[in-house]
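Trainee: Structure provided below as structure tokens; questions to follow.
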Amino acid sequence: MTKKRFFLWLGIMANTLVMIFLTFYFMSLPWLAGDEKLLIWSTSAIKFSNRELPSSEDFALINTSYDLQLIDRLDEFGFPVGQRAITDREKLTVILEAISKGDKPPKYIICDIHFLDSTAFDASLDTVLQKFDNLIVSYHLNDFGEIEYPIFRNINRGLSDYVIGSVFDGVYKYQLMHHDSLKLTPLKVYESLANVTSESKGALVKIDDHWTPNNFIMNYRLLQKDIENLEAGFNPVNMGELLYLEDQDIQDFVEGKIVVIGDFFENDMHETLFEITSGPLILLNAFLTIQYQDTFVNFWFFLLLFVSYAYLSYMVFVEGDYMESRITKYFGAVKMANYLAGFMSYLILLILLSCLTFFVFNIHLNVFFLAVTFYLMDKIVGLIYSKAKA
């Protein structure tokens with residue numbers, strides 16, 4: 001092997017490894033490029049058309065949208081300036097008290113309610129919450145990234161925020177750990193039910209013996225329209241309606257199920273890949289993504305990336321490219337096509353790769369950012385070659 005060929009292959013291998021690292025870095029970014037959104041939507045729609053709904057018998061959804069109470073709205077000095085609505089904690093206390101008395105408890109309770117303000121019913125609600133070993137309440141980060149813990153400090157709690165994309169202002173990605181330490185609610189629920197532990201490993205999260213990207217584009221198994229469709233069997237029951245039932249009926253409704261309590265219809269709605277979706281349903285979909293191991297990666301995933309990126313890196317370091325020449329040939333009359341032929345060759349190949357990783361491993365790639373990086377590297381290498389020949 002000549003010295004020139006040795007450095008050529010060394011550069012190809014180095015660039016391949018760097019691009020694998022950048023793949024997971026781009027996954028961690030909260031936004032998508034516009035073209036990526038279209039690609040992800042179209043491929044997800046194909047898979048979604050053949051989806052299998054989870055069993056509605058495994059879940060009980062309790063809606064709090066229409067069961068509210070008014071509390072004082074305070075200014076920055078602590079003086080009341082009006083009123084605002086929060087979840088009715090008296091009704092919630094009664095419902096949870098009835099559930100706690102059942103002989104066969106629910107499998108788990110996800111209480112996606114922000115307990116940030118104090119009310120007169122907090123003491124009794126806290127007493128009821130303490131009766132459950134299989135319950136988790138949500139907490140959030142404020143606009144400054146500071147933790148806003150619930151007022152019930154001795155209760156199991158999980159971070160229930162989302163990766164919000166600033167470009168589209170929607171929930172397109174989901175993360176499992178925030179700042180490598182704060183576990184989000186779906187991950188904590190899965191840990192408890194599967195009796196496993198998880199830890200952050202950079203851009204990846206190790207869950208038991210499996211690995212998954214910390215940030216991923218979620219495959220929705222349940223849509224908002226599913227919980228609004230009476231025939232699907234996932235319809236949330238309003239909390240106030242449950243109060244008309246006997247305790248035994250409430251206990252039968254939640255027996256052995258994962259119970260999700262939250263605002264399913266009004267004030268906790270977010271744009272997602274397919275439609276406007278409620279926050280509690282996003283949490284449930286994230287849990288199902290982990291439960292079904294949708295985004296777990298393995299040796300074959302990394303091998304696919306390595307082989308594909310090695311070829312793309314070969315395109316970077318070796319002058320001349322078949323795809324680029326085809327684009328130039330067919331669109332050569334368009335000046336912009338000649339200029340962007342190199343970029344389009346990378347983008348087309350990465351789109352094909354992303355389709356393959358999605359349909360085989362359920363993982364989308366950020367193809368636009370990857371294509372830009374390969375193209376810039378191509379231009380830099382070309383500039384170095386031209387100066388070396390001068």
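Trainee: Within the stretch 222-256, which residues are outside any helix (DSSP H, G or I), without any contact (Cβ under 8 Å) to a residue 40 or more places away in the chain and more than 11 Å from ILE95 (Cα to Cα)? Give the steps one after another, and end with the answer.
Mentor: Taking the stretch 222-256 as the starting set, the residues that turn out to be outside any helix (DSSP H, G or I) are 222-223, 229-238, 243-246, 255-256.
So of that shortlist, the ones also without any contact (Cβ under 8 Å) to a residue 40 or more places away in the chain come out as 229-231, 244-246.
Hits for the stretch 222-256 are ASN229, LEU230, GLU231.
Trainee: Looking only at the stretch 1-25, count every residue that is open to solvent by less than 20 Å² (accessible area, probe 1.4 Å), under 27 Å from ASP180 (Cβ atoms) and among the β-branched types (Val, Ile, Thr) and tell me the total.
Mentor: Here the count works out to 2.
Trainee: Oh, and also: Among the residues of the stretch 102-142, count how many are over 27 Å from the mean Cα position of the chain (by Cα) and among the acidic types (Asp, Glu). Before the answer, list the steps.
Mentor: Start the filter on the stretch 102-142 by keeping residues that are over 27 Å from the mean Cα position of the chain (by Cα), which leaves 102-105, 117-132.
Imposing the further condition that a residue be among the acidic types (Asp, Glu) reduces the set to 103, 117, 122, 126.
Of the residues in that region, 4 qualify.
Trainee: Sticking with this one: Could you list all residues from the stretch 269-293 that are over 16 Å from ILE110 (Cβ atoms) and open to solvent by 10 Å² or more (accessible area, probe 1.4 Å)?
Mentor: MET269, HIS270, GLU271, LEU273, PHE274, GLU275, ILE276, TYR292, GLN293
Trainee: Are any residues in the stretch 143-159 part of a loop (DSSP other than H, G, I, E, B) and under 19 Å from the mean Cα position of the chain (by Cα), and if so, which ones?
Mentor: If the condition is that a residue be part of a loop (DSSP other than H, G, I, E, B) and under 19 Å from the mean Cα position of the chain (by Cα), then GLY145 is the only one that fits.
Trainee: Counting only residues that are closer than 27 Å to PHE265 by Cβ and either open to solvent by 50 Å² or more (accessible area, probe 1.4 Å) or not in a strand (DSSP E or B) (or both), how many does the stretch 210-221 have?
Mentor: Of the stretch 210-221, the ones closer than 27 Å to PHE265 by Cβ are 216-221.
Subsequent filtering for residues that are either open to solvent by 50 Å² or more (accessible area, probe 1.4 Å) or not in a strand (DSSP E or B) (or both) retains 217-221.
Residues that pass the stated criteria total 5.
Trainee: State which residue is nearest to LEU29 (Cα to Cα) when the search covers only the stretch 179-209 and only residues that are open to solvent by 50 Å² or more (accessible area, probe 1.4 Å) and assigned to a helix (DSSP H, G or I).
Mentor: LYS188
Trainee: Would you point out the residue of the stretch 26-58, among those that are under 15 Å from the mean Cα position of the chain (by Cα) and open to solvent by 60 Å² or more (accessible area, probe 1.4 Å), that is modelled with the highest pLDDT?
Mentor: TRP41
Trainee: Taking the condition modelled with pLDDT under 90 and open to solvent by 70 Å² or more (accessible area, probe 1.4 Å), does TYR322 pass?
Mentor: Criteria met by TYR322.
Trainee: Which of the residues belonging to the stretch 138-176 are open to solvent by less than 60 Å² (accessible area, probe 1.4 Å), among the hydroxyl-bearing types (Ser, Thr, Tyr) and modelled with pLDDT under 85?
Mentor: TYR162, TYR172
Trainee: Can you tell me which residues in the stretch 228-259 are in contact with an Asp or Glu (Cβ under 7 Å, 6 or more places away or on another chain) and closer than 22 Å to PRO186 by Cα?
Mentor: PHE234, LYS257, ILE258
Trainee: Restricting the stretch 341-372 to residues that are open to solvent by 60 Å² or more (accessible area, probe 1.4 Å) and either at pLDDT below 85 or of a type outside the set (Val, Ile, Thr) (or both), which is farthest from the chain's Cα centre (by Cα)?
Mentor: Filtering first and then ranking leaves MET344.
Trainee: How many residues, within the stretch 236-268, are among the small types (Gly, Ala, Ser) and open to solvent by 40 Å² or more (accessible area, probe 1.4 Å)?
Mentor: 1
Trainee: If you don't mind, another one. Mind counting the residues in the stretch 98-142 that are outside any loop (DSSP other than H, G, I, E, B), in contact with a strand residue (DSSP E or B) (Cβ under 8 Å, 6 or more places away or on another chain) and of a type outside the set (S, T, N, Q)? Can you show your working first?
Mentor: First pass over the stretch 98-142, keeping only residues outside any loop (DSSP other than H, G, I, E, B): 98-100, 108-114, 122-129, 135-141.
Next, from what is left, pick out any that are in contact with a strand residue (DSSP E or B) (Cβ under 8 Å, 6 or more places away or on another chain): 99, 108-114, 129, 135-141.
Next, from what is left, pick out any that are of a type outside the set (S, T, N, Q): 99, 108-114, 129, 135-137, 139-141.
So the count comes out to 15.
Trainee: Working only within the stretch 373-385, note down all residues that are modelled with pLDDT under 90 and open to solvent by less than 60 Å² (accessible area, probe 1.4 Å).
Mentor: Of everything in the stretch 373-385, those that are modelled with pLDDT under 90 and open to solvent by less than 60 Å² (accessible area, probe 1.4 Å) turn out to be TYR375, ASP378, VAL381, GLY382.
Trainee: Does the stretch 68-81 contain any residue that is modelled with pLDDT of 90 or more and surrounded by fewer than 19 Cβ atoms within 10 Å (Cβ to Cβ)?
Mentor: Within the stretch 68-81, not a single residue is modelled with pLDDT of 90 or more and surrounded by fewer than 19 Cβ atoms within 10 Å (Cβ to Cβ).
The values are calculated or read from the model by the stated rules, or taken from the named source; none is laboratory data. Keep in mind it's a predicted model, so treat the numbers as computed, not measured. Note that we place each Cβ from the backbone using ideal geometry, even for glycine, and neighbour counts take in every protein chain shown. Accessible surface is based on the protein model in full, side chains and every heavy atom, while ligands, DNA and RNA are left aside. Shrake-Rupley method; radii C 1.70, N 1.55, O 1.52, S 1.80 Å.
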